[in-house]
Amino acid sequence: MDKFSKFIGLDVHKETIAVAVADAEELGGEVCFIGTILNTEEAVIKLVKQLKKGNAKLSFCYEAGCCGYVIQRLLSKLGQDCQVIAPSLIPKKAGDRIKTDRRDSLKLAKLHRAGELTPIWIPDGAHEALRDLVRAREDMKHFQRQAKQRLSAFLLRHGMSYAGKSNWTLTHFRWLETVKFIQPVQQIVLQEYIDTVHEMSKRLAGLDQQIDLTARSSPIWRVIEALMALRGINLLSATTVMAEIGDLRRFTNAAQLMAFLGLVPSEHSSGPHQRRGHITKTGNSHVRRVLVEAAWTYRFAARKTAVLQRRAERTPAAVQEIAWKGQVRLCGRYQQLIGRGKLKVQVCTAVARELAGFIWAVGQAVPPVDPQQHPH
């Protein structure tokens, strides 16, 4: 590890940054609050120049949040060490009830010097763009769901309900065209709701197409394609997993990935008593949701469908072996837990946890990407 002479804690906000500096222990260990600067590129560059006087070796840190990785990338461009810290893993004193920007920056500086902070993985620009695309698709799906619920609620308020088997099919939309209101204004309201549903569906389809194109041209496409050999993991699911997690090889074992996704049981054990509760739900909620949804497909018997077989044929033999082994294991696990009287939601959560382990195994089996093949 490099020897740093100053450890800088940054409490970053939209417009300002609170700055505190902790000198290395061998240099006296003094901790002081520098002040608050504007959250601009010019102000950060000026801060670095001031702190570097005397050839000091600097190490910055700040909490991950809504301001993203802009400051980290700027400091790295300036040749400075900078870590983005996982907020949920910052040590906290139980009796500390005062929170200010000054205190936060001082605490970050002290903990950073002590090595008590946990940095997160920083994606590059292309990887972050893929993540933004996947999250935009998730948001658009949420908007579509809201639009459909509001249309259904509007019709229900006026005693109108569709008698067909399934909503949002072509037949259902043909029925909506026959709905008439006495008041002209209500007819306009109905049409606006219908048009909103159509617009959201069109935007969703456009994002799906863009995800397909972007994923196939991405340096991580080889891993995405390999993950699609697993049952319940389609293109969108595999892209979401890789966009959110990044390099699967940074986890030394499957248990680390499971914990990262918040799929492991919480525990409050003391002495001879062991108490385990619900899953921790820490870490990345996007991937956790995708895996729980995928886990529902394992309620059926294990079999290689035509779609799964075609996907698997495009992957290495080692991946095919992992995928089939995972399917046999997880389908059996689902039936085993159901036989014990577990609730289906609990069973799917347990299956999702083990599915994360097979995803980790696939990530280890796929060879690393050659950066020369994907210069972008």
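The values are calculated or read from the model by the stated rules, or taken from the named source; none is laboratory data. Since we're looking at a predicted model, the values are computed, not measured. So basically every Cβ, Gly included, is an ideal-geometry build from the backbone, and we count neighbours across all protein chains shown.
Of note:
- Enumerated helices (runs of 4 or more DSSP H) restricted to the range 260-376, each holding at least 2 residues that are in contact with a strand residue (DSSP E or B) (Cβ under 9 Å, 6 or more places away or on another chain): 344-365
- Out of Arg231, Arg289, Arg250, one residue alone is closer than 25 Å to Ala312 by Cα, of a type in the set (D, E, K, R) and modelled with pLDDT under 95. It is Arg250.
- Test: residue in the range 34-44 that is part of a helix (DSSP H, G or I), touching a Leu at 6+ places or on another chain (Cβ under 8 Å) and exposed (fewer than 15 other Cβ atoms within 10 Å of the Cβ): yes
- Qualifying residue in the range 113-134 (condition: over 26 Å from the mean Cα position of the chain (by Cα) and touching a residue at least 40 places away in the same chain (Cβ under 8 Å)): yes
- Residue within the range 146-156 that is farther than 30 Å from Val290 by Cβ, modelled with pLDDT of 95 or more and not in a helix (DSSP H, G or I) present: no
- Some residue of the range 19-35 being under 24 Å from Trp121 (Cβ atoms), at pLDDT 95 or above and among the hydrophobic types (A, V, I, L, M, F, W, C): no
- Checked against (1) within 30 Å of Thr280 (Cβ to Cβ); (2) surrounded by 12 or more Cβ atoms within 10 Å (Cβ to Cβ); (3) at pLDDT 95 or above, Ile8 meets all criteria but (1).
- Lone qualifier among Asp208, Asp247 - being surrounded by 13 or more Cβ atoms within 10 Å (Cβ to Cβ), in contact (Cβ under 8 Å) with a residue 24 or more places away in the chain, farther than 19 Å from Lys141 by Cβ and among the charged types (D, E, K, R): Asp247
- Within this structure, His112 passes the test of being in a helix (DSSP H, G or I), within 19 Å of Val31 (Cβ to Cβ) and at pLDDT 95 or above.
- Some residue of the range 120-130 being of a type in the set (Phe, Trp, Tyr), buried (at least 17 other Cβ atoms within 10 Å of the Cβ) and outside any helix (DSSP H, G or I): no
- Top-ranked residue of the range 1-47 - restricted to ones that are in contact with a helix residue (DSSP H, G or I) (Cβ under 7 Å, 6 or more places away or on another chain) and without any contact (Cβ under 8 Å) to a residue 40 or more places away in the chain, ranked as farthest from Arg102 (Cα to Cα): Glu41
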